[in-house]
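Below is one structure, written out as structure tokens; the observations come after it.
Computed from the coordinates by the stated procedures, all read-outs in this text should not be read as laboratory data. Treat the numbers as computed from the prediction; the structure is a model and nothing was measured. Neighbour counts are summed over all protein chains in view; Cβ atoms, including those assigned to glycine, are modelled from backbone coordinates with ideal geometry.
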RNA sequence: CGGGGUGUAGCGCAGAUUGGUAGCGCGCUUGGUUCGGGACCAAGAGGCCGGAAGUUCGAGUCUUCUCACUCCGACCA
């Protein structure tokens with residue numbers, strides 16, 4: 001391919017609305033362009049890399065026995081109504097109507113249509129297990145699209161769904177997908193970790209995310225350096241801490257705390273540590289008000305709380321509800337003397353505290369020396385807080401650390417959630433009708449591509465791993481008017497092309513510096529420069545990633561490239 | 001959803017407080033000199049200043065509305 005013919009709009013300057021490296025480089029290297037917020041076009045060079053990732057995903061899915069199909073992106077509302085998700089997705093779903101007013105949406109994920117397809121066509125255990133997948137555009141009207149293709153509103157996802165006759169079958173299907181995912185991300189050159197993830201209120205027996213460690217990742221991960229434990233922060237359990245020496249319970253006192261509403265203000269006002277306070281936070285869980293309590297310096301884990309309550313929607317209570325329930329302005333909620341009887345959920349850690357400080361349910365007052373059971377009765381004492389660095393590992397007890405990660409894949413044991421609600425049944429050996437046991441497995445293709453760039457770049461641009469480089473090699477004649485140089489470059493280029501290497505020839509009448517900069521920016525892994533020693537038959541071979549440079553004959557250079565790309569194509 | 005910021009040439013930006021009909025760098029075109037890490041000289045092309053309404057003799061600039069993009073937050077008891 002001639003660079004002079006290539007639609008590859010590279011830019012020198014960093015686009016002003018790109019924050020993270022992968023986004024900046026994808027724009028600068030001309031891989032993609034924004035069409036609207038969270039919606040992108042892939043241009044030829046970017047699309048080649050994109051298709052490399054797709055191809056790897058496809059090969060490994062096929063190898064794992066999954067069968068590819070394609071569902072429509074536009075789907076009738078009814079499909080999502082029977083599972084309840086038409087409502088549950090809320091404003092995150094792109095909705096539209098046809099000319100006669102029938103409701104449709106752009107599919108945000110395809111559990112329902114896959115389940116229906118299998119339900120309508122599979123009757124017997126003899127037809128199970130089956131795993132189907134597609135590589136399809138997905139649409140989610142994200143609250144806040146950002147970081148380019150990392151959190152987009154239109155994105156390509158490989159989604160797979162497994163259907164099994166029993167749990168043991170699901171375990172096998174799940175493990176097969178797990179192994180395929182490891183091969184996929186290995187081949188993409190990603191450094192990733194596998195973390196336990198929240199399996200949601202719908203139950204299911206497990207879920208794991210493939211995370212690429214990155215400071216720009218949107219998920220927080222807790223991991224244990226001493227054992228192999230790692231979990232999404234929203235999932236990681238916090239162990240009950242040891243209670244200290246038993247202390248005498250002091251008498252409750254009501255303290256005036258005018259205009260002191262936050263823990264920070266309280267610390268200053270009362271000259272106490274945030275660890276002496278217990279904060280009481282009111283939530284509305286599907287419209288029902290509940291209270292949750294954690295130590296003053298801790299954070300409530302809303303995922304854990306949502307799961308505990310089995311709630312579809314959990315939001316902080318509004319000021320009106322807070323005043324109605326506590327009889328006080330916002331900022332003075334506590335567990336005792338509530339005006340309205342509501343469930344009070346208390347974190348495990350609070351159960352080890354004595355004589356703590358809480359809001360008095362009275363504007364401008366707090367209570368000190370509050371004690372569990374003596375002064376209020378919790379509805380339940382459970383793990384409610386978010387894990388923090390230094391907390392004990394739930395497996396080995398050693399201190400955990402936290403980091404951030406990009407979620408590139410998620411594998412999920414669904415169980416019978418969808419097969420129950422959509423009636424996806426089969427007849428087992430005994431002639432009994434049973435719901436199929438399902439799993440679902442997703443990979444964000446664009447996000448994976450961006451994650452690769454986040455892990456493979458330098459100050460000059462992208463450094464593609466050979467397996468997903470849009471072109472594996474580039475031949476650069478330093479002077480486009482020198483016939484000797486041109487002839488050699490052209491010869492190398494056509495030899496490589498004939499041998500099946502994806503290779504560029506930068507035939508533009510540009511100065512060498514421009515060509516080097518572009519080649520580095522778009523991240524071509526292997527480069528042959530034909531220049532000053534061309535007349536002696538000597539060219540330069542250079543590797544983008546390692547920086548290795550050496551001089552050799554043209555034939556040697558061709559052989560070197562063939563050797564390097566062997567097994568890639 | 002809450003709060004901030006920005007929309008001026010393909011890209012990055014100035015001009016706005018003090019209204020007078022638009023400029024810089026990069027890129028692009030032509031010619032010449034160059035040619036191993038984003039060259040130089042010269043001559044050019046390119047803009048309903050996001051949109052609408054208003055104030056004014058006159059609006060990129062002032063007012064109002066609107067749209068888009070973007071960042072931060074969405075833990076406050």
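Overview of values
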| quantity | calculated |
| --- | --- |
| Residue-span extension gain [residue A:2 to residue A:286] - 0.36 nm each, minus C-alpha spacing | 96.2 nm |
| Structure-based [θ]222 nm, chain A - -39500 (n - 2.57) summed over DSSP H runs of at least 4, per residue, nearest 500 | -8000 deg cm²/dmol |
| Relative contact order [Cα under 8 Å, 6+ residues apart], chain A, whole percent | 16 |
| Acute angle (nearest 10 degrees) that the helix A:512-522 long axis makes with the longest principal axis of chain A, alpha-carbon atoms | 40 |
| Overall form of region A:253-382 per C-alpha gyration tensor (a/c, 1.5; a/b vs b/c) | prolate |
| Of all DSSP beta bridges in region A:420-567, antiparallel share, percent nearest 5 | 65 |
| On Cα atoms only, tilt of A:44-63 relative to the major axis of chain A in degrees | 70 |
| For region A:1-50: relative contact order, % (alpha-carbon pairs under 8 angstrom, 6 or more apart) | 33 |
| Intensity falloff of region A:359-419 expressed as log10 I(q)/I(0), Debye formula with alpha-carbon point scatterers, at q = 0.16, 0.17, 0.29 Å⁻¹ | -0.93, -0.95, -1.15 |
| Rg over Rh [alpha-carbon atoms, Kirkwood Rh] for region A:62-148 | 1.03 |
| Ordering of A:324-330, A:446-452 by burial proxy (mean other Cβ atoms within 10 Å per residue, highest first) | A:446-452, A:324-330 |
| Estimated Rh, region A:394-522: Kirkwood, alpha-carbon pairs, angstrom | 20.2 |
| Normalised alpha carbon radius of gyration of region A:97-148 [divisor 2.2 N^0.38 Å] | 1.62 |
| For peptides A:115-122, A:338-345, sequence by mean Cβ density within 10 Å, most packed first | A:115-122, A:338-345 |
| 0 to 90° range, to nearest 10: angle between helix A:554-565 axis and chain A longest Cα axis | 30 |
| Descending principal axes extents, region A:492-550, alpha-carbon based, whole Å | 28, 26, 25 |
| P(r) weight above 13 Å for region A:233-298, C-alpha pairs, percent | 77 |
| By average C-beta atoms within 10 angstrom, highest first, the peptides A:289-296, A:558-565 | A:289-296, A:558-565 |
| From the C-alpha gyration tensor of region A:299-366, square roots of 5λ in Å | 21, 18, 10 |
| Fraction of beta bridges assigned by DSSP in chain A that are antiparallel (%, nearest 5) | 80 |
| Global size of chain A as Cα Rg and Dmax, reported in angstrom | 29.4, 97 |
